[in-house]
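Any read-out appearing in this document is the output of simple, stated calculations on the displayed coordinates, not a laboratory observation. A quick note: this is a predicted structure, and the numbers were derived from the prediction, not measured. For neighbour counting, all protein chains shown are included, and Cβ atoms are generated from backbone atoms with ideal geometry for every residue, glycine included.
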Ligand code: PLP
């Protein structure tokens, strides 16, 4: 596999980053993951907009403009022959003497990209749905910034796996679901209302979430943008998550309790199909 590191396309075994890189020492960096369908990038503009916001929040200057980043994404997709899969892009503050304060001099940011070939449209998880297990949300309070500081979501995922679940749903101190470890969370109530938490610093502002909320509205679904509790979710008729890599993924049980008929529900499947059709048609 060819990866991109600071201006060069190199075989992954030859890629090098300094041990003093602040991404490595402080998780001082941000990232984006963009889906590839039919060899093209899904909602690249949305990912760039969020990237700019994440960079601004951390006073990190970008090593390249959107056009240059698009060209690198495309080049890597082409060099690795990716038809379906993901492009991971990471920007960190670069290498400097270890100090909590950001370096005062001009330190070039590090820019790293790699691809992952994998089926996204047709997966066994999407056919059967996944189980989730709830865990307390113990992350920091700026979850709206897409930083590479992902250790707690990793721990949460391991806890979920130990319970036989495919992912964790993280829960705030009031008992409301914030989101999954790497996806936004939704339920469909018995009355057929799609519910997902409002945007704030408590969750990542998903690019897929924005599209799915809009598609739900456009196709005449009732939708409420508000927090939902674990208790309410256990009574829901459907549940699902969204992300750039999972698209719209059915959730069929929560903490071992079946949701609806414990199979992908009709709202979820309609949204999945509509999302993929649109993503595919608009990919660049
Ligand atoms: N929430 C978290 C914590 C995430 O890490 C992600 C994606 O990585 C998402 C939500 C979904 O965001 P997107 O739809 O932009 O992939």
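Quick check for you: which residues of segment 154-173 have the amide N under 13 Å from the point 7 Å beyond the Cα of residue 138 toward its beta carbon? Those under the cut-off are 154-160, 171.
Compute the angle between helix 44-57 and the longest alpha-carbon principal axis of the chain, please, reported from 0 to 90 degrees and rounded to the nearest 10. Roughly 70 degrees between the two axes. The peptide list 111-121, 57-67, put in order of mean Cβ contacts within 10 Å with the highest first, becomes 111-121, 57-67. In whole Å, how far is the Cα centre of segment 67-91 from that of segment 135-198? So the separation of the two Cα centres works out to 28 Å. Relative to the longest principal axis of the Cα atoms of the chain, the long axis of helix 207-218 makes an angle of roughly 40 degrees. The three principal axes of the Cα atoms in the chain give end-to-end lengths of 57, 40, 33 Å, sorted in falling order.
Relative contact order of the chain, taken over Cα pairs closer than 8 Å and 6 or more residues apart, is 19 percent. Measuring from centroid to centroid over Cα atoms, what is the spacing of segment 249-282 and segment 1-24 in Å? Centre-to-centre distance over Cα atoms comes out at 37 Å.
Kirkwood's formula applied to the C-alpha pairs of segment 124-282 gives a hydrodynamic radius of 15.4 angstrom. When the chain is treated as a GNM with alpha-carbon contacts under 10 Å, the residue of 47, 198, 73 showing the greatest mean-square fluctuation is 198. Report, in degrees rounded to the nearest 10, the 0 to 90 angle that the Cα long axis of helix 151-162 makes with the longest principal axis of the chain. It is inclined by approximately 40 degrees. Packing, taken as the mean count of other beta carbons within 10 Å per residue, orders the peptides 267-277, 74-84 from highest to lowest as 267-277, 74-84. Ordering 251-263, 202-214 by mean Cβ neighbour count within 10 Å, with the highest value first, yields 202-214, 251-263. With Rh defined as the Kirkwood radius, the inverse of the mean 1/r over Cα pairs, the Rg/Rh of segment 2-117 is 0.97.
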